[in-house]
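K.L.:
Take a look at the following structure, please.
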Amino acid sequence: EENSKKKFEEIHKANQAAVKKLAVDHYSSSEDEDGDEDAEGKQKKILDLTFTSYTSQTDGDASELVRTRQYVSEAFQTGAVTCSICIASVKRNQAVWSCSGCFCIFHIPCIQKAKDSLF
């Protein structure tokens, strides 16, 4: 009797811990989906920090950087950047390689496959 109670309590605690973990995981993932405004704020902050060094070289005049800032901002948007080999959009979590000559962006597997087919 007591042994089965102990076992029940252990299983109950394990289940409670699993439920808490699931709730936390679900809450944090839904928080990421709902955090578009927060993501936009982070992107703006990153852009501001990126262009600070450039505007300091132009005595604070950022008028010449407006188009560049707009391009970089658009590149932040999901699906805005495409792999020049497979023509698929590049997702934020994918490994990419950027050519220093033409500045094209490629998925790592795509550029490796292209390299292997040439040599």
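K.L.:
Out of curiosity, is Thr68 at pLDDT below 90 and either outside any helix (DSSP H, G or I) or of a type in the set (Lys, Arg) (or both)? Write out each step before concluding.
P.N.:
Values: at pLDDT below 90: yes; either outside any helix (DSSP H, G or I) or of a type in the set (Lys, Arg) (or both): no.
Taking the combined requirement at face value, the residue does not satisfy it.
K.L.:
How about segment 96-114: which of its residues are in a loop (DSSP other than H, G, I, E, B) and surrounded by 10 or more Cβ atoms within 10 Å (Cβ to Cβ)?
P.N.:
Within segment 96-114, Cys99, Cys104 qualify.
K.L.:
Suppose the filter is at pLDDT 85 or above and not in a helix (DSSP H, G or I); does Ser117 pass it?
P.N.:
no
K.L.:
Among the residues of segment 47-91, what is the count of those that are hydrophobic (A, V, I, L, M, F, W, C) and surrounded by 13 or more Cβ atoms within 10 Å (Cβ to Cβ)?
P.N.:
Looking only at that region, the number is 11.
K.L.:
Are any residues in segment 74-93 at pLDDT below 75 and outside any loop (DSSP other than H, G, I, E, B), and if so, which ones?
P.N.:
Within segment 74-93, Glu74, Ala75, Phe76 meet the criteria.
K.L.:
Show the residue pairs that are 6+ apart or on different chains and have beta-carbon atoms under 6 Å apart, the first residue being within segment 60-82 and over 18 Å from Lys45 (Cα atoms), the second being at pLDDT 75 or above.
P.N.:
Gly79/Ser89; Val81/Val90; Val81/Ile105; Thr82/Ser89
K.L.:
Within segment 94-103, does at least one residue satisfy the condition of being at pLDDT 75 or above and under 23 Å from Asp38 (Cα atoms)?
P.N.:
yes
The values are calculated or read from the model by the stated rules, or taken from the named source; none is laboratory data. Predicted model only: the values in this text are computed from it and were never measured. Every residue, glycine as well, gets a Cβ built from its backbone with ideal geometry; the counts of neighbours run over all protein chains shown.
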